[in-house]
Every structure is written in structure tokens, then in C-alpha cells.
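The values are calculated or read from the model by the stated rules, or taken from the named source; none is laboratory data. Owing to the predicted nature of the structure, the values given are computational and were not obtained by experimental measurement. With ideal geometry, Cβ positions are generated from the backbone for all residues, glycine too; neighbour counts draw on all protein chains shown.
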Ligand code: 8Y4
């Protein structure tokens, strides 16, 4: 469906991202806890096959991350993070017609990923790491700014908000200003409420319900709720049983005007988006 808050195509490296309709971003993890570790080429080829399947299913972006942001995950060095993502970015850029999003907070990884063909920087820390604003600006790539408080390891320790949506909005405005000061103009920015990051279950639900408020910032919105614990908490299902809950939230996010859905289950989510589009396009 044509989004009410529609934007001109966003240049992402060599490709243009359509922001008139909701796009699906497929998640590709290259952390050892999530992917086969049978050697470097196995990892690269498995990742390519997974990315190819997501593209065929209708993903227009692939999000590649080499550092786990799960609570309690081991921190990795820049070297190791780059080693994990570099060959995967390179092979996908060479083989597939898709926009590569690099899920990183590490300045050196941003720069190298841009050189290897990435089209978007997805930073859950919103360029708050030392050198990240400068590095992201140097790539010239668009950036997704996501709301989080603190670090993934400690963020779930008693998060408190008087008004979660207003505080998420305030944070994003502050990060947009820091970007502007670093030469990253607002036309390069995507915004993300950061579901599951430094928020209680009630915060996540309330933020989801009221996310339309963020359209006031006049930038495209990215929503990532696929298989997350806010679904597990409501339905009482482990990660493997959260598909229908994820699709329900995907449908709601489309109706609320989300421009990009970051998901594990691309084919199923694309069906949801297309079905809503067909009804919206009717007389
Ligand atoms: C099951 C599956 C349980 C996945 C938890 C998770 C976002 C993101 C992540 C997001 C943007 C995750 C990198 C967390 N979430 N980037 N990244 N927005 N922009 N957890 O919501 O998927 S990782």
C-alpha cells in the first residue's frame, strides 16, 4: 500500500530504496551463536544461500551483523567483527540485487563495509561510539538511528520512563542533531523506536501502540519486532514459536505506516505486506 508518510527514493550506495511502500529487511546473522562455524567459506556460502532465499522471497534489504546484541552476549573486537562480516558483504554485493545494511556500531566496520558495497548503516547505538559519527559521515551512506539506553548487557536492568514514546522521540531528535553537526543531513536518516532495547514489556507494548507519533519527526521508520520477547511474553512461546505473533505485529506496523520491517521470516512477512496493499489499493 502507498504509505501516508511517503518519501523519495533513498540512495543506498548504488541502489535506491523505495519508501512509498513498506519494505522488508531480512536478518542475516553471522555471529557464531547463530550460524554454522564450519570454516570461513562455509560461513560465507551459507550466508549467501540464506540471503539469496530472502531476496527471492521479496526482501529488498539484507541486514548483516557480526556482533551479537543479545543481553549477556560476548563483546567482540573490531577485527573479529570485520572478519565475520567482510567476506559476506563482499559476496552478497557481487551476487545479489539487494541493499546491504550493516548492523554495526564500530567505526572501522562502517568504513570497510561501505567500501565493500554496503548501502546502509544500521547502528543500534545511534553513532554514540567514539568516532562513529565521523566514520558514518565519511561513508556518505544513510544511517538508521535506533533508540536504546545504556549497553545491551545492562539495558534491561530496571528501565524507567515517565513517557516512553516522548523519551524515545527526544533521544532520536538529539541524535539527529548530532548527525547534522557531523555533516550527516536528515535526508540520510531512518529512525527506529528500538523494541526490546532498554524497555520493559509494558514499555514495548505502549511504544508499539503509539509509534505513529514518531512520524512527526518526518523521517522513515524502521520497526524490528520479529520473534522478540514482547511476543513471547504475551503468547508464552519460545523463539521458534513466535511466527504468528511476529506477523500480527508486522501487519499492525504496516497499518501504522512503518517503512521498513526488520524480520527473520521474509516470505511470510512479504505476504502480509502484499495482502494489506491489495486491500488498500481497492476502490
Ligand atoms: C529473537 C530474535 C529474540 C531476535 C530477540 C531477537 C533491532 C536491530 C536488533 C531493531 C534495528 C534481535 C540489530 C535484536 N534488533 N536493528 N538489531 N532495530 N534497527 N533480537 O529492532 O533481533 S538485534
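State whether one or more residues within the range 51-74 are without any contact (Cβ under 8 Å) to a residue 24 or more places away in the chain, closer than 24 Å to residue 131 by Cα and within 16 Å of the ligand (Cβ to nearest atom).
For the range 51-74, residues without any contact (Cβ under 8 Å) to a residue 24 or more places away in the chain, closer than 24 Å to residue 131 by Cα and within 16 Å of the ligand (Cβ to nearest atom): present.
This table checks each residue for (1) surrounded by fewer than 23 Cβ atoms within 10 Å (Cβ to Cβ); (2) more than 10 Å from the ligand (Cβ to nearest atom); (3) more than 25 Å from residue 121 (Cβ to Cβ).
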position: 187; (1), (2), (3): yes, yes, no
position: 203; (1), (2), (3): yes, yes, yes
position: 235; (1), (2), (3): yes, yes, yes
position: 244; (1), (2), (3): yes, yes, yes
position: 259; (1), (2), (3): no, yes, no
position: 269; (1), (2), (3): no, yes, no
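Which condition number does residue 223 fail, the rest of (1) under 25 Å from residue 185 (Cα atoms); (2) over 14 Å from the mean Cα position of the chain (by Cα); (3) without any contact (Cβ under 8 Å) to a residue 60 or more places away in the chain being met?
(2)
Checking residue 264 against (1) surrounded by fewer than 20 Cβ atoms within 10 Å (Cβ to Cβ); (2) within 11 Å of the ligand (Cβ to nearest atom); (3) without any contact (Cβ under 8 Å) to a residue 40 or more places away in the chain, which test does it fail?
Tallying (1) surrounded by fewer than 20 Cβ atoms within 10 Å (Cβ to Cβ); (2) within 11 Å of the ligand (Cβ to nearest atom); (3) without any contact (Cβ under 8 Å) to a residue 40 or more places away in the chain, residue 264 fails exactly one: (3).
Considering only residues of the range 217-231 that are under 15 Å from residue 195 (Cα atoms) and in contact with a helix residue (DSSP H, G or I) (Cβ under 7 Å, 6 or more places away or on another chain), which is nearest to the ligand (Cβ to nearest atom)?
Looking at the filtered set, the residue picked out is 227.
Sort through 90, 95 and tell me the only one that's surrounded by fewer than 16 Cβ atoms within 10 Å (Cβ to Cβ), modelled with pLDDT of 95 or more and away from the ligand (no atom under 15 Å from the Cβ). Spell out the reasoning first.
Details: 90 fails: surrounded by fewer than 16 Cβ atoms within 10 Å (Cβ to Cβ).
Only one candidate qualifies: 95.
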